[in-house]
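To keep things clear, I will list the structure first and then write my remarks on it.
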Amino acid sequence: MRLYALCDQNSLENRKLSLEAFVSLAKKHKAEIIQYRNKTADLETIKKKLIEIREHWDGFLIINDKYTLASFCDGVHMGQEDLLTLDPNIEEAIKTIRTIIGSDKLLGISTHNLQEIELANKMDLNYIGLGAFKQTSTKDVTNILGDELDALAAFSHHKVAAIGGVRLNDSFKNVAYLVIGTGLYES
C-alpha cells in the first residue's frame, strides 16, 4: 500500500510536534503525499505552514479545503460539507474548484457511501477519499464502513484513499492509498 500522510494541525499541537517532526515521520514511513489540514487558522497562517512543510518535503503536498492556496502545493482535498458551502450542487462546486486550481493540480474529495462514489465518478477528480474505515480521534465520525470499505472502493473510477482510523498494517484490495494521521505517531 502507498501512504498518504494526513498532517492535522490540532493533532500536532496536542502531541507537541513540529511540522518538521511530522515530515520526518512521513519520510520514515515512505509517504508519497502529505495533506495539511488546519480548520481553525486564517489563510495567511496556513500559507506559512505550507511554505514551511515545503522546506522539508519534496513529495506531493495537498491542502485540505483551502483551494485558494493551491498555488503553494500540488493539489486540494475537499470534504463534502466544504463543497456544499461553495455550491449546493457538488458537481458545480468541483467544476468551480477545477477552474480555479487548473488541470495540473490534484483534486480529491471525501466520500462515505456508494451514492457519493457514483457522483464522484462523473467528476474531474484525481482520487477520492473513502471512509471512515474505523473510528478516529481527529474527527467525529458517524459513518463507519469497516470491511465494506474495500468492496465500495471497487465502484470508483478514480484512485481510492482509505480514510478514517486507518493504520499502517491495514490492507485493502481496491485501495491505492492508506491515509494515516495519528497512526504515524503510534508506530
Residue 55 - would you say it is within 14 Å of residue 123 (Cα to Cα) and either surrounded by 17 or more Cβ atoms within 10 Å (Cβ to Cβ) or of a type outside the set (Val, Ile, Thr) (or both)? no
Scanning the stretch 1-48 for residues that are touching a Cys at 6+ places or on another chain (Cβ under 7 Å) and aromatic (Phe, Trp, Tyr), which turns out farthest from residue 109 (Cα to Cα)? 22
May I ask you to list the residues in the stretch 1-60 that are touching a strand residue (DSSP E or B) at 6+ places or on another chain (Cβ under 7 Å) and small (Gly, Ala, Ser)? 5, 26, 31, 59
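Residue 118 - would you say it is of a type in the set (Asp, Glu) and within 18 Å of residue 160 (Cα to Cα)?
Details: of a type in the set (Asp, Glu): yes; within 18 Å of residue 160 (Cα to Cα): yes.
Considered against the rule, which asks whether it is of a type in the set (Asp, Glu) and within 18 Å of residue 160 (Cα to Cα), residue 118 comes out as yes.
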Looking at (1) in contact (Cβ under 8 Å) with a residue 60 or more places away in the chain; (2) loosely packed, with under 13 Cβ neighbours inside 10 Å, which is the only condition residue 35 fails? (2)
Can you name the residue in the stretch 4-23 that is surrounded by 15 or more Cβ atoms within 10 Å (Cβ to Cβ) and of a type in the set (Ser, Thr, Tyr) and, of all such residues, is nearest to the chain's Cα centre (by Cα)? 4
Of everything in the stretch 83-134, what is exposed (fewer than 15 other Cβ atoms within 10 Å of the Cβ) and of a type in the set (Asp, Glu)? Give them in sequence order. 87, 91, 92, 104, 118, 124
Any chance you could count how many residues in the stretch 143-187 are of a type in the set (D, E, K, R) and either surrounded by 21 or more Cβ atoms within 10 Å (Cβ to Cβ) or touching a Lys or Arg at 6+ places or on another chain (Cβ under 6 Å) (or both)? 1
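Among the listed residues 140, 170, 150, which satisfies the condition of being in a helix (DSSP H, G or I) and either modelled with pLDDT under 95 or of a type in the set (Asp, Glu) (or both)? Don't jump to the end; show me each part of the working.
Numbers: 140 fails: in a helix (DSSP H, G or I); 170 fails: in a helix (DSSP H, G or I).
Going through 140, 170, 150 in turn, just one is in a helix (DSSP H, G or I) and either modelled with pLDDT under 95 or of a type in the set (Asp, Glu) (or both): 150.
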Just the residues that are among the small types (Gly, Ala, Ser), closer than 20 Å to residue 66 by Cβ and part of a strand (DSSP E or B), please, taken from the stretch 3-33. 5
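The values are calculated or read from the model by the stated rules, or taken from the named source; none is laboratory data. Quantities reported herein were computed from a predicted structural model and do not represent experimental measurements. Virtual Cβ from ideal backbone geometry, glycine too; neighbours counted across all protein chains shown.
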